[in-house]
Every structure is written in C-alpha cells, then in structure tokens.
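The values are calculated or read from the model by the stated rules, or taken from the named source; none is laboratory data. All values derive from a computational prediction rather than experimental measurement. Virtual Cβ from ideal backbone geometry, glycine too; neighbours counted across all protein chains shown.
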Amino acid sequence: MAQPSGRVTYDFVTRTIARTLGNPGKGYFLLLGAAVTLLAIGIICLLYLLRYGLGLAGYSHPVYWAVFITCFVFWVGIAHSGTLISAILFLFRSGWRKKLYQLTALGWRGTNEEWRHFTRGYLYLAALATPLVLSVHSVVSWDFAMAIVPGWHATIFAPYFVAGAIYSGCAMVISLLVPIRKLFHLEELITAHHFENLAKLCLLTGSIVGYAYLCEYFVAWFGGNAHERAAFWYRAFGPFWWATWTMIICNAFLPQLLWFKKIRTNITGLFVISIFVNVGMWFERFVIIVVSLAGEPFERWSNATYNPTWADWGIMAGSFGWFFMWFLLFVKNFPAVSITEVKEVLPPPTKGRPAEAHAR
Amino acid sequence: MSEHRLPLRLPGPLHDLFRPPATPGVLGVFAHLDATVDAIKRLQAGTYQGLTVYSPVPRHELEDVLAQPVSPVRMWTLIGGIAGCAFGAWLTLYMSYDWPIVVGGKPIGSIPPYVVIMFEMTVLFGALSTIIGILFNAAHAARRLGTIAWDPRFTNDKFGVFVPCGADKAGAVEKLLLGAGAEEVRRA
C-alpha cells in the first residue's frame, strides 16, 4: 500500500486525477504527434501491401510467419497484463466535458446499495479475468507448440508464454507510467513504492522466463534429438545470433539487477530496464517465430535467410503508433487512474485523524 | 439533482413514473467515517428504517454496520457462467455433428479440445452477465434515488445518511444526526 503523506486526502485524490483531464502541455502533444506519425507510416505501408501484395514484406520460404506475427504475439502479451492502469470504474464529475461524464457515470451516486452490487461484481470479474490471462496465453503458445517445428514443439510453452506475457505487460506498464506520472504530476499518487512492487513482479516473471530459456536449451541438448539440437545451435550461433543474445541479455540477465532495492526504487533506472525488457520481449517472439522457421533442419535446401523489408518495419511502427495514440488519448480524456481505488487504500477521514485542509 | 432530469414536460402518468415526488426525510452530511457509522448505529437503535448511506468509497465499516445481505450479483455471475459453459459445449458439439469430419476411428465430438471453448464462453457470458447484474441491481435500487436528497460531494470526500421520515420526526432525526457529528443536515 502507498504511504500517503498528510496532503493526500480523498479530495486531493479527486482533484489530482481530474486534473489529468485538463490541459496536459507541450510534452503530451509531442508524444501524441509522434504516435500519430508512426501510425501514419503503418497505414501507408498497409496500403502498399494491399495494393502490391505480401511480396513487399521480406518473406522467404519457409519463413512465412515473421514480423507481423511477432507483433501480434507481442501485443497480445501486453494487452492482458497492461490493464493495471486502465481500470476506469466510475467517473467523478469534473466540470469539464461534463455531459460526457454525466452520461458515462450512469447516474452513480455512491449509495450503499450501489457499492454493495459493485464490490461483489468487481470481485467476480476479477475471479473471471485471472484464469483468462492463463488460458489466453496458454492457447496462444499452443498455436506454436502443436506444430512439429523444433523450437516450437515444447511442453514448457504454456507457462513460458504466461510468464512472458505478465513480464512484458509489467515492463510496458513501467515504461508508460514513468512519463505519464511526470506529464500529469501524479507523483504523490503513483509512488516509488508502487514502482518497487512492479519491479518485484518483473523480477519474478523475468526469472521464470530465464528459467524457461535454460530449460529449452537443456532439453534440446539432453533430449538427444538431432533436429532439436541443430535448431537450438542455429538459434544461438547461426545468422540470427544477435537476436537471440539480445533476447537472453535483456530478458534474463538485465532484470537480475532488480535484486537490489536501490535499483528497484530508482525510477529512472527502472524506466531504462523496462525499455530493455520491452525490446527483449519483442525479440523473444522474433526468435521463437522467425528463427525457428528459418532454422528448420528438415529443409536444408531452402536456404532461408529472412530479411525484413521496409514493409515489415512500417507495419511494426504502425502497431506501436496505434497503441500509443489510443493510450495517450485515453489518459487525456478519461481518468486513467481509478479514483475510487486510490481512495480505498487511503486511511479514511475519522474524527481523531481529520482530513487535512490542503492548499491548492 | 435537477440537472439529471429531462427538461421535457411529460404527460400525467409518465410524469408520475419518471418524476415521482420527493421522498420526505432528512439528509446528514458527514466529514468522518466513524461519525457516519456512529450515526447509523444511533438511527438503528431508534428503529429508523430504509436508510440510504452515501460514500465516496466502499468501506467495510459501513457494510458491517448496515449488515446488508450479500449482493445478488453473484447469482448473475453463476447463471451467466453456467449458460456460457453450456453454450460452448452446444456450439462445438452441434457444429461437429452437423458437418461430421470423420477421421479414422476418432470420435466426431472430442471433448478435450472443446473444454477450451467451454471455458472461454464461461468467462465471456459470466463477465457480461456480471456487468449487466451490477447495472440492473444498482438501477433497481436507484428507483427511489431520483426522489431522495443527494449531494455531489458524496462522490468526492463526504459521507451521507438519508433518513426517510415525516415532518413530525424530522426535528428528532436532525438532532440525532448532529449529535453523532454531522457537519450539516438538510430537510427534504
């Protein structure tokens, strides 16, 4: 739980979060502009692909799942655990764009009856959503594991992908929260304590992912299957060695720094590590998808070097632009931090400990 | 409250339905949670019925003192979940038997892979019916809400208790609320 200073009262929480809906300043519009530019690049590439065909992308036999599928798996991973900061539950009337908020608030008044149904429903939604994260990523991983391609055909894939998804989602939350906290002055609500907890979750899931890497290599060697061995040798020392080692260093080694409390509570340090983890997790999907296909040992004659073209990278840029544009529009137009949930962890105002009147 | 109302003039019976007359009673505004709990206890001791308690956050203290029954939303979740699971089973099995793809010696409807669909449908139907359940129950409870006093500060940092009562008892209720620590009281 947050350690609130005396200034953080219910009223302070409402005002601070409602302020994110006001004028966000230049930095915000700069970021939004960058996101829209990336999206425009993606749309142009998509139009080219529609007009002239998939040949523009760097597919070559047998690599027909490449950057596009890599981005798909990357974003599915982000989607499920990145909902931490998007819990939008009820909207306080902030005076600004009042009609929209009145409409979306559905006449909420905070009566005991409303809370009774809300809290119960919330509990069950959480109970339903939690196993969903496990099932979605298990099934996504089975898309690969059901094939006989060495590097895909592994029993460890379901837990490996679940841990990877939570890991990358956590890293993405850190990468997004750091600038948002700064841009919208949420320092007193999103504290170093919250970041430390995210860092701990990163350390746990990152270590599970690191263990999965080790396990894959161990089984490839110990299992004695020549094709499996060849595929993993290709992965580490073949033409895509740089992608593999980027993935291993960013995902398995770098986060071990999070054992140190000094680094866990250093926001800048965490931000840098989270960016590396995002890069590493993108490359993990790239390595699993592209490198496994390119290194298929039963098709030696196919000579598959896959070189992504501008069309691949353009679509990838577009996917990032699409995500960041909606994210930025969302945080500006809706209270992205749940007002109620922040208030819930605060000690309530009581006669002995009254809510401080704060200057604003 | 008036800004939530339609500016239209409705014909007689509709007017009564959508704009029922205000419920007479007393509204107390509290700054402190413990004072609110204290007021509720005193009201309950004085056998006042049908209290409405406003709060900016859900608090166990209020739930405990009100001793409300568990929300029926859980039944919506359960029934939605079971319906979803059944739908998932029906969908997969019906489609398999409607257009059988016979592969040597294997069953046409093979349950293990269908469990995934059944599970996903359980979650989908369960979640949707939970949301509808919250909305329905809150709206059901809110039938009266348009008719009882409210204050926008209750969604920010104040707690409130509305006691429905006649004009004869209003004085006593006001005294009781102020005695428990209400910041202000208002008659409706």
Restricting the first residue to the range B:122-150 and requiring it to be closer than 15 Å to residue B:73 by Cα and more than 8 Å from every other protein chain (Cβ to nearest Cβ), which pairs with a second residue that is assigned to a helix (DSSP H, G or I) and modelled with pLDDT of 75 or more meet a Cβ separation below 6 Å and a spacing of at least six or different chains?
B:125/B:80; B:125/B:83; B:125/B:84; B:129/B:76; B:129/B:80
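Within the group B:125, B:159, B:154, which residue is closer than 30 Å to residue B:31 by Cα and at pLDDT 90 or above?
Values: B:125 fails: closer than 30 Å to residue B:31 by Cα; B:154 fails: at pLDDT 90 or above.
The unique qualifying residue is B:159.
Pull up the range A:247-301, narrow it to residues that are polar (S, T, N, Q) and over 17 Å from residue A:216 (Cα atoms), then point me to the one that is nearest to the chain's Cα centre (by Cα). Give the steps one after another, and end with the answer.
At the first step, the residues of the range A:247-301 found to be polar (S, T, N, Q) are A:251, A:256, A:265-266, A:268, A:274, A:278, A:292.
If we keep only those that are over 17 Å from residue A:216 (Cα atoms) too, we end up with A:256, A:265-266, A:268, A:274, A:278.
On the way: A:256: 19, A:265: 20, A:266: 20, A:268: 18, A:274: 10, A:278: 8 Å.
Per the criteria, the residue is A:278.
Residues A:310, A:301: which one is over 16 Å from residue A:65 (Cβ atoms), at pLDDT below 90 and aromatic (Phe, Trp, Tyr)? Even if it seems obvious, please write down each step before you answer.
Values: A:310 fails: at pLDDT below 90.
Testing whether each residue is over 16 Å from residue A:65 (Cβ atoms), at pLDDT below 90 and aromatic (Phe, Trp, Tyr) leaves just A:301.
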Among residues of the range A:331-348, those that are in contact with a Ser or Thr (Cβ under 7 Å, 6 or more places away or on another chain) and either under 13 Å from residue A:176 (Cβ atoms) or modelled with pLDDT of 85 or more (or both), counted:
2
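Have a look at B:28, B:81 and point out the one that is touching a Leu at 6+ places or on another chain (Cβ under 9 Å), modelled with pLDDT of 90 or more and facing chain A (nearest Cβ under 9 Å). Show your work before the answer.
On the way: B:28 fails: facing chain A (nearest Cβ under 9 Å).
Every option except B:81 fails the conditions.
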Boolean, residue A:118 is surrounded by fewer than 19 Cβ atoms within 10 Å (Cβ to Cβ) and at pLDDT 85 or above:
no
Every residue from the range B:51-78 that is of a type in the set (Val, Ile, Thr), part of a helix (DSSP H, G or I) and facing chain A (nearest Cβ under 8 Å)
B:73, B:77
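Each row is one residue, and each column tells you yes or no for (1) under 18 Å from residue A:173 (Cβ atoms); (2) modelled with pLDDT of 90 or more; (3) touching a helix residue (DSSP H, G or I) at 6+ places or on another chain (Cβ under 9 Å); (4) not in a helix (DSSP H, G or I).
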position	(1), (2), (3), (4)
A:209	yes, yes, yes, no
A:232	no, yes, yes, no
A:239	no, no, yes, yes
A:253	no, yes, yes, no
Between residues in the range A:141-162 that are closer than 18 Å to residue A:218 by Cα and residues that are of a type in the set (Lys, Arg) and crowded, with 17+ Cβ neighbours inside 10 Å, which pairs lie under 9 Å by C-beta distance while being six or more apart or on different chains?
A:150/A:229; A:151/A:235
